[in-house]
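Here is the structure we will look at, set down as structure tokens.
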Amino acid sequence: MRQKLAAGNWKMHGTRASLVEVRALVAAHPDPAVEVLICPPATLLAWMDAEIGQAPIRTGGQDCHAAASGAHTGDIAAAMLADAGASHVILGHSERRADHGEADATVRAKTEAAHAADLTAIVCVGETLAERDAGRTLDVVSGQLAGSLPDGARGRNTVVAYEPVWAIGTGRTPTEAQIAEVHAHIRAELRARFGAAEAERFRLLYGGSVKPANAAGIFAIAEVDGALVGGASLKAADFSAIISALEQAPAPG
Ligand code: PGA
């Protein structure tokens with residue numbers, strides 16, 4: 001059975017003062033029944049790791065370079081994230097794709113680098129509003145999956161996050177039917193590429209304006225194994241409510 005995952009993406013928010021939120025989260029969830037992950041800015045990774053101590057909350061990066069090391073000013077290698085305590089890394093987030101022109105092939109190379117450093121890759125896919133309005137959502141997601149997932153992707157080292165670009169940071173969320181349709185499609189694509197048994201091992205997250213008020217409804221949707229949470233992960237009280245909703249959600253497949 002897939003382990004449910006509540007992942008927080010702090011994006012470019014937070015300084016050491018923000019670690020007070022992590023302290024509160026650890027206190028609220030000393031023994032979470034789901035996997036809990038926070039992906040802070042890289043500057044906070046080691047501090048956060050120290051703050052978490054032995055508590056069962058994991059940390060992750062928000063991006064990594066495809067190379068193991070080298071002359072890449074400003075970039076961070078997957079092994080460096082691991083060295084700072086990370087177990088996961090978010091790759092191909094729509095903000096990376098838009099702000100840094102990351103194409104699927106780049107995301108695939110980064111995913112391979114993450115796997116080589118024993119990090120679990122959270123690979124993000126999702127359509128823009130124009131693509132949804134044009135009826136191209138499933139095609140876009142198929143193309144991103146085909147291009148972004150390396151052949152070595154497996155359920156144990158890769159999570160797929162469906163994040164419609166128009167739902168990120170906007171307060172708008174797709175209908176439950178729209179989320180269900182795309183998640184079922186992603187599972188079918190994984191089945192076609194990796195085989196039926198392996199496809200069942202990949203966790204599929206929904207991301208885009210998840211908050212305490214809509215979390216339980218989203219977690220009740222078939223094939224939703226958790227969430228990638230941006231804004232609502234910054235405050236312990238909000239993220240804690242989302243974690244609790246996930247703990248109470250029906251068991252995934
Ligand atoms: P949001 O961001 O929850 O603030 O919409 C989600 C994400 O980008 O991962």
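The values are calculated or read from the model by the stated rules, or taken from the named source; none is laboratory data. Note that the coordinates shown come from a computational prediction; the quantities given were computed from them, not determined experimentally. We place every Cβ from the backbone using ideal geometry, glycine too, and count neighbours over all the protein chains shown. Accessible surface is based on the protein model in full, side chains and every heavy atom, while ligands, DNA and RNA are left aside. Shrake-Rupley method; radii C 1.70, N 1.55, O 1.52, S 1.80 Å.
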* Structure fact -> By residue number, the members of region 170-192 that are farther than 11 Å from E223 by Cα, out of contact with any Asp or Glu (no Cβ under 8 Å at 6 or more places or on another chain) and open to solvent by less than 40 Å² (accessible area, probe 1.4 Å) are P174
* Listed residues A114, A86, A67; which is assigned to a loop (DSSP other than H, G, I, E, B), open to solvent by less than 40 Å² (accessible area, probe 1.4 Å) and either touching a Leu at 6+ places or on another chain (Cβ under 7 Å) or modelled with pLDDT under 95 (or both)? -> A86
* **Among residues of region 30-47, those that are open to solvent by less than 10 Å² (accessible area, probe 1.4 Å) and either of a type in the set (S, T, N, Q) or part of a loop (DSSP other than H, G, I, E, B) (or both), counted** => 2
* **Output for region 1-25, where each listed residue is more than 18 Å from A84 (Cα to Cα), hydrophobic (A, V, I, L, M, F, W, C) and surrounded by fewer than 19 Cβ atoms within 10 Å (Cβ to Cβ)** => M1, A17, V20, A24
* Asked: Could we say that A146 is farther than 22 Å from N9 by Cα, of a type outside the set (S, T, N, Q) and at pLDDT 95 or above here?
  -> yes
* List the helices (runs of 4 or more DSSP H) that sit entirely inside region 161-253 and contain at least 3 residues that are on the phi > 0 side of the Ramachandran plot. => none
* Asked: Of all the residues that make up region 210-242, how many are within 14 Å of the ligand (Cβ to nearest atom), in contact (Cβ under 8 Å) with a residue 12 or more places away in the chain and aliphatic (A, V, I, L, M)?
  -> 10
